[in-house]
Each structure stands twice: as structure tokens, then as C-alpha cells.
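See below for the structure under consideration.
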């Protein structure tokens, strides 16, 4: 019996350490210390259906990394053990004070200004590229900011001065300038890690990979995607249709405004993409995304 209990404890510890390593591999360059606002389950994946590893008590400190959907990767330490997994983002709160020093940042491109730290929260407005905001706190993969007297949240990675480490989801060219016809400097392999210095208004990222600096196109980072989907921002108001017929507006299921975020699920053909906007899924013509 003692041997069985020891084996079970050893297995749990190994699982926790393995998950902790996974957490570290996907985090941005600086992890964030957060505190639970409610008792919550630490799960093996970013879903309510994923297996529960342990229950984190209210008020416990965790180290938070990247966010996927409604969940955030965290490491929770209990006594001498560390447990890595996914916690519900709504139950996490930054321990950094918003009443202390603040930082000014400039947006690199249009981005949704949201009521909470996640794409599931409704948008307050769209902040255009080149606007200055005041960062008053951090919340996992999001900044808590003030803009024109309003407090809300902006996702990290969309500011001109940011330097974060990100992982690409597929092999991608690094070019000498933010243009698809520019000279290729090198190829960043799938799951290669790059240092992101800034983001241009047309969705190119200025990065460093193994001492080489250049530009790679956005939408190909592992933290942007899930099951092959990528989050993109539309550059102009466009129809979301139930079919690829453009001869009438009878198949229009939504009008997507400029600056809105859509999730590109797959490419239907050379001109059309299957995308999700809010709760609606349909067809959208290519060439209208940042």
C-alpha cells in the first residue's frame, strides 16, 4: 500500500513538472505573478472538459503565461511541489498595483479595446494605430490601460516598443523589409523562437532570430492560434457571407467593421476564407486582413 501511494505521488509530481516545462515554453519573455480571486481548478488543457490536476484555493499566487481562449497557462506552487496547467482567466487577478507608476505606450496597429482581459469580452471601441495609451497594470497576456479617460484592456504584442519572445507555428521567411517581395534573409523553422521588437501597421513584425534581424509576416505565432486558426484584424468594413456568391447581399450574415478581430479558420480557395466573427461563421474575401 505504501509503495502504491509513493508511486501515485511520484507520478503526480512528474506530471506537474512536465506541465510546468510546457508552461515555460509558451510564455512571453516576462512571466506575470497573479492571484486567484476564487477557488478554481487547474486543468491539463484550456477547456472545462480537460482533466483537473488540483484545486487552487482563493487568494493563492500563481505564475501566469500565455492565454488561450478563456484560460491562462499557470504554475502553482504548493509546499515543495509545483503544478503546471490551465486556470480560468476570470478567476485570476494581477498582483501589480495600478495606483503606482504608469507607462505610456503607442499602438502599432488598430486593436480592440476591451472590457476585460480576453477576446471573449465585448469591445469598448477600436483604438487606431499610432494612438498613445497609459498602461496601469498587467493581466496575463493583456495590459490594463487608460485611453481618453476610459479604462480597459489591450492584448500584448500590438505596441511599437514591445520586445517579447514568440514562437512561430510554421516555417516562415524573414525578409529585409516589411514586403512580401523583399529579399529573404533566412527561414525561421516551425516552432523557432524569435524576439519581437515591433509591429508595423500592415501586420509585419520586426524580429531577431539567431542574431539575424528582419521582418516576418504576422498571424503565424503559436500564441495567436489554436487548431490552425489565427486571429486577424480587418482593414476595412467587409461582408461576412453564408456563401461565396457576391452577386447580391441576400447571403450577408454580418457586416464586419474596420478594425474588428476575426478568427480565420481555413482558406477555402485562392480568394475566400472561412472565418468566425463573434458567434457567426461564414465566408470572407481575402486581402482585407492585417
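The values are calculated or read from the model by the stated rules, or taken from the named source; none is laboratory data. Quick caveat, the model's predicted, so the values are computed rather than measured. Methodologically, a virtual Cβ is constructed for each residue, glycine included, from the backbone with ideal geometry; neighbour enumeration extends over all protein chains shown.
Of all residues in the stretch 23-39, exactly one satisfies the criterion of being modelled with pLDDT of 85 or more and either crowded, with 20+ Cβ neighbours inside 10 Å or under 17 Å from the mean Cα position of the chain (by Cα) (or both), namely 36.
Per this entry, residue 137 is not counted among residues that are touching a strand residue (DSSP E or B) at 6+ places or on another chain (Cβ under 8 Å) and not in a strand (DSSP E or B).
Considering 262, 275, the condition of being surrounded by 15 or more Cβ atoms within 10 Å (Cβ to Cβ), touching a strand residue (DSSP E or B) at 6+ places or on another chain (Cβ under 9 Å), at pLDDT below 80 and in a strand (DSSP E or B) is satisfied by 262 alone.
Here residue 175 passes the criteria (1) closer than 13 Å to residue 215 by Cα; (2) touching a strand residue (DSSP E or B) at 6+ places or on another chain (Cβ under 7 Å); (3) surrounded by fewer than 18 Cβ atoms within 10 Å (Cβ to Cβ) except the one numbered (3).
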